[in-house]
Structures are given as C-alpha cells and as structure tokens.
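Trainee: The structure under discussion is supplied below as structure tokens; questions concerning it will follow.
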Amino acid sequence: MDLGQIEAKLRSSDVQERIRAMTALRAYAPAVAVPLLRGCSQDPEFVVRSLAAMTLGHKRTPESFALLQGLLHDDADANVRAESANAIAAFGETALPDLMRSFREDQHWLVRLSILAALQALNQPQILFDSAVLAIADTDLSVREAAIDLLATFAGSPMQTFALDKLLPLARSEHWQLRAHLARALHCFDQHQARETLQVLRQDDNHHVVAAVLEGSVRPSPSLG
C-alpha cells in the first residue's frame, strides 16, 4: 500500500480501513510513520489507539516516545494504557520512570499486569522486586498472583531470602487461588522455611491448593538406558 493510499484510509470512517492503513505503516521508516501515527493515537476507537501504541513501540524516536507517554498516562481506556506500557518498554531503561509512575498511579489490573511483564523484560532486579512487593498487596487477585510468580523468580538469587519473607505470609491468605500460587512458587526455593510451608499447604482444606503442592513434588524418573 503506497503512502497516498495509507493517508486516505486513515481518514476513512471505517475502523477496519484505518486499522489496515496502520498495519501497512509498519513497513515505513519512523520518519514517515510516526507523524501519521500521532493522529491515530487520538482516534475515537480504542482499538485504533491500541494498535497505534503497538506500532509506535516499533518506531522508536523521541516523538514516538512522547506519544506513548501521553497514551500511558492519559488515555481513558485501560486497554490502550496497557498496550502503551508494553510498547514504551521497548525503549529500555529510558522507560523506567514512566512505567514506575504508571504502576504507582494506575490501579487498573490490566495496566498493572502489563507493567509487571514489561519490568521483568527490562532485567532490573531491584525495581522488579520492589514492584512485586507493591503488587502482592493489590486488591486484584490476578495482580497478586503475578507478584507471587515474579517473587519466585528470585529463588537462587542473592535476594531469595527477601522474596521468601514476602511470600510465606500468603500461606494464611483467605483466597485459595493465592495459596495455590504460593505452593507452586515455593517449589522454586530450597530453604527449609519453604519446605515447611509446603507441608502445611499439603493439609489445606482446598483441593486446588493440595494439588498445587503435589504437582511440584513430582520429579521426572531417571531415564533407563
């Protein structure tokens, strides 16, 4: 699709036409694509703004970064903000202040999950740990489950004791989903506190929790030559 066709389709009242035009923009250099994506980032349809955010993450320029900042912090739709978090993370450490600000200020579960995933990809252990600690106190179960999974990644690292200290109290959680997630996470740790807590969870009243304990207890049998 040539540039004239793309510009015409971006002005179309048909959402699908605008989406096709943005898809075609992926083949163009940032100097061409980003100015056109600026208009897409203000589109009335959230799906168009989400696609604009995704595409901006692949067209890394100061202007695309600024557009993503605006979408991440100011867009009314959580889907767009979540996609913007994924996209802005492509800028690496430059994106950390914006991701952390959004994580502190935006309470929507989808946005927070996207930011946690983005932080994990950026390989910043201390920032990831601090964010997981905040997330483990979230009101949304899916965010808390993600925090448990992230803290489990610190097993075997110099921060494993700190991670375990944050995880163990969840054995008393009223939510069986969190206790089951905890059981899976504790299998990553070799400390005696983890093993003792797994023994407690093995007696849990909820069969999902017990199953999670037993799943991690299964070890592959040695292969027979």
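Trainee: Residue pairs, Cβ under 6 Å, 6 or more apart or interchain, first in the stretch 171-198 and within 18 Å of PHE154 (Cα to Cα), second of a type in the set (Gly, Ala, Ser) and buried (at least 18 other Cβ atoms within 10 Å of the Cβ). List them.
Mentor: Filtered contacts from the stretch 171-198: ALA183/ALA212; ARG184/ALA212; ALA185/ALA152; LEU186/ALA194; CYS188/ALA152; CYS188/ALA155; PHE189/ALA155; THR197/ALA171.
Trainee: Ok, one more. Please find, within the stretch 161-183, the residue that is nearest to the chain's Cα centre (by Cα) out of those that are basic (Lys, Arg) and surrounded by fewer than 19 Cβ atoms within 10 Å (Cβ to Cβ).
Mentor: LYS166
Trainee: Further, regarding this structure: Please verify whether the stretch 144-156 includes one or more residues that are surrounded by fewer than 20 Cβ atoms within 10 Å (Cβ to Cβ) and at positive phi.
Mentor: yes
Trainee: Now for a different question. For ALA152, only one of the following conditions fails: (1) in the same structural domain as PHE103 (by TED's automatic domain parsing); (2) over 17 Å from GLN107 (Cα atoms). What is its number?
Mentor: Among (1) in the same structural domain as PHE103 (by TED's automatic domain parsing); (2) over 17 Å from GLN107 (Cα atoms), ALA152 violates only (1).
Trainee: Further question on the same structure: Note down all Cβ pairs under 7 Å where the first residue falls in the stretch 73-92 and is closer than 13 Å to SER50 by Cβ, the second is among the aromatic types (Phe, Trp, Tyr), and they're at least six residues apart or on different chains.
Mentor: Pairs that qualify, where the first residue is closer than 13 Å to SER50 by Cβ and the partner is among the aromatic types (Phe, Trp, Tyr), are ASP77/PHE46; ASN79/PHE46; VAL80/PHE46.
Trainee: Quick check on my filter: what residues within the stretch 49-99 are hydroxyl-bearing (Ser, Thr, Tyr) and either part of a helix (DSSP H, G or I) or closer than 22 Å to VAL143 by Cβ (or both)?
Mentor: Across the stretch 49-99, the qualifying residues are SER50, THR55, SER64, SER84, THR94.
The values are calculated or read from the model by the stated rules, or taken from the named source; none is laboratory data. Just so we're clear, the structure is a prediction, and the values are computed from it rather than from any experiment. Neighbour counts run over all protein chains shown; Cβ positions are idealised from the backbone, glycine included.
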